[in-house]
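Enquirer: Sharing a structure here in structure tokens format.
Where a number appears in this text, it was derived from the coordinates with a stated rule and is not lab data. Predicted, not measured: the structure shown is a model, and the values here were computed from it. Methodologically, a virtual Cβ is constructed for each residue, glycine included, from the backbone with ideal geometry; neighbour enumeration extends over all protein chains shown.
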Amino acid sequence: MKIYQRLALGTASLLILVSVAHAQSGKVDFGKREYVSNCANCHGMDGKGNGPYSDLLKKSPPNLTTLSKNNGGIFPMDRLYQSITGDNIKAHGSRDMPIWGMEYRVEAANRYMESSYDPDAYVRVRVLALLEYLYRLQIK
């Protein structure tokens, strides 16, 4: 487990550095693109839980700009990763948020049907890019 955490932290650090460099050079912001495509309808463009679909949900989406503040000043990366991918959810019960790990795996299967690919790596890259963007929302 510690190896996984170190790997995740190292990968996240690399993603942060790459994203900052890309943002400064005017290139595509993959984390923001992921957020706008899959999260903003519920969580809002500003991440404060005020998206156009938020009124349709059973439970109001959380304010994503206060994740670190509400966790003692530490960004809860592992908890968010598991929540987004669906790796740590109960088998039964309601869940308004889609299980993005499963969605990404299906998308990868459709996209890379004829070629060799690593579905776990595909999911990991997308989720870590999203997490890096959510981390940047904390410091605004």
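Enquirer: If packing is taken as the average number of other Cβ atoms within 10 Å across a peptide's residues, how do 64-73, 78-87, 127-136 rank, most packed first?
Expert: Working: 64-73: 13.9, 78-87: 17.1, 127-136: 22.5.
Ranking the peptides 64-73, 78-87, 127-136 by packing returns 127-136, 78-87, 64-73.
Enquirer: Where a Cα-Cα gap under 17 Å defines reach, which aspartates and glutamates qualify for Lys58, not counting those fewer than 8 residues away within the same chain?
Expert: By straight Cα distance, Lys58 reaches Asp96.
Enquirer: When the Karplus curve 6.51 cos²θ - 1.76 cosθ + 1.60 is applied with θ = phi - 60°, which whole-Hz ³J(HN,Hα) does each residue of the stretch 48-54 get, with x for Gly and Pro?
Expert: Running phi through 6.51 cos²θ - 1.76 cosθ + 1.60 with θ = phi - 60° gives 8, x, 10, x, x, 8, 4 Hz.
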